[in-house]
Amino acid sequence: MSKNLADWEKAKREGRKMTVVTAYDYAFARLAELAGLDCILIGDSLGMTVAGDADTLRVSLEQMEYHTSIVAKAVSKPLVMADLPFGSFEESPAQAFSAAARLLKAGADIVKLEGGAVMAETIGYLSKRAIPVCAHIGLTPQHVRQFGGFKRQGKTQEAAQIIFDDAIALAAAGARIVLMEAIPTDLATQITQRLETPTIGIGAGPGTDAQVLVLHDILGLTPGRPPGFAKRYLDGAALITTALTAYAEDVRAARFPE
């Protein structure tokens, strides 16, 4: 585990896989550190997992500041990455700097922003002003209305080439990490092999330098149907429901408190 991005670059050179998980509060962030995760992502996915929205578009910069601050208090070793939410960075590089600076002051070590080569100027602007950036390409949830849903990207040769070119342009602009979501395995592997910049995959196969999953998917807490690429490591919803039911029954039967 390391907050030092140079260690991520060294891990890539040495072929060591890095691990990333989302977390949105103190308790789960602390557990993620105890489990040895390399990076904790405060994702705008909190709009769906915490707030119950259908997508991430309603998440505000103020919400991201709050959740970043409480996660950052919980950990000392993992890299803390925070999402720039929809509407906080697209207008201009200066707008992006203002928003990113607020997240760094809240405790983030690096910010993540969505978008292809069109965001290269913004990433260059931020990187020259002491703000590390993770670029997010492929399925970018903030563009869900444009995509017509949470759909896998890069399935045609033309679409794959655009994503490949996006990755090259964003790394050249100064992105310290490139995250690729829901794209073909071969494409993600080719990009990872081409770039000196570390890559993170989610639904992009095993060929990336790191993997990220949403905490609620891992723990089996996601309402409804989780993404097909997610792996559930615990039936958390059933376990928690059983515990809460037992508590309620004990109270009603006067078994608790003793």
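Being in contact with a Cys (Cβ under 9 Å, 6 or more places away or on another chain) and in contact (Cβ under 8 Å) with a residue 40 or more places away in the chain: is that true of residue 170 here? No.
Residue 198 falls short on exactly one of the conditions (1) out of contact with any strand residue (DSSP E or B) (no Cβ under 9 Å at 6 or more places or on another chain); (2) in contact (Cβ under 8 Å) with a residue 24 or more places away in the chain, and that condition is (1).
State whether the residues of the stretch 59-66 include one that is of a type outside the set (A, V, I, L, M, F, W, C), part of a helix (DSSP H, G or I) and either modelled with pLDDT under 95 or crowded, with 18+ Cβ neighbours inside 10 Å (or both). Taking every residue of the stretch 59-66 in turn, at least one turns out to be of a type outside the set (A, V, I, L, M, F, W, C), part of a helix (DSSP H, G or I) and either modelled with pLDDT under 95 or crowded, with 18+ Cβ neighbours inside 10 Å (or both).
Say whether the condition of being part of a loop (DSSP other than H, G, I, E, B), without any contact (Cβ under 8 Å) to a residue 12 or more places away in the chain and out of contact with any strand residue (DSSP E or B) (no Cβ under 8 Å at 6 or more places or on another chain) is met by at least one residue in the stretch 11-20. Yes; the residues of the stretch 11-20 include at least one that is part of a loop (DSSP other than H, G, I, E, B), without any contact (Cβ under 8 Å) to a residue 12 or more places away in the chain and out of contact with any strand residue (DSSP E or B) (no Cβ under 8 Å at 6 or more places or on another chain). One residue stands out among those in the stretch 142-167 that are more than 20 Å from the chain's Cα centre (by Cα) and of a type in the set (Val, Ile, Thr): the one that is nearest to residue 46 (Cα to Cα), which is 162. With respect to the conditions (1) over 26 Å from residue 57 (Cα atoms); (2) surrounded by 15 or more Cβ atoms within 10 Å (Cβ to Cβ); (3) at pLDDT below 95, residue 192 falls short on a single one, namely (3).
For the stretch 110-131, the criterion of a residue being within 16 Å of the chain's Cα centre (by Cα), closer than 23 Å to residue 226 by Cβ and in a helix (DSSP H, G or I) is satisfied by no position.
Can you give me the number of residues within the stretch 39-63 that are closer than 23 Å to residue 146 by Cβ and without any contact (Cβ under 8 Å) to a residue 40 or more places away in the chain? Result for the stretch 39-63: 10. The set of residues in the stretch 91-109 that are surrounded by fewer than 17 Cβ atoms within 10 Å (Cβ to Cβ), assigned to a loop (DSSP other than H, G, I, E, B) and of a type in the set (D, E, K, R) contains only 91.
Taking only pairs six or more apart or across chains, which ones have beta-carbon atoms under 6 Å, a first residue in the stretch 211-233 that is modelled with pLDDT under 95 and surrounded by 17 or more Cβ atoms within 10 Å (Cβ to Cβ), and a second residue that is part of a loop (DSSP other than H, G, I, E, B) and polar (S, T, N, Q)? Note: no pairs meet the criteria. The listed residues are 146, 142, and the only one of them that is part of a helix (DSSP H, G or I), in contact (Cβ under 8 Å) with a residue 60 or more places away in the chain, within 24 Å of residue 53 (Cα to Cα) and of a type outside the set (D, E, K, R) turns out to be 142. Of the residues making up the stretch 110-135, those that are within 29 Å of residue 184 (Cα to Cα), touching a helix residue (DSSP H, G or I) at 6+ places or on another chain (Cβ under 9 Å) and not aliphatic (A, V, I, L, M) number 8.
The values are calculated or read from the model by the stated rules, or taken from the named source; none is laboratory data. Everything numeric here is computed off the predicted structure, so don't read it as measured data. As a convention, Cβ positions derive from the backbone with ideal geometry for all residues, glycine included, and neighbour counts pool all protein chains shown.
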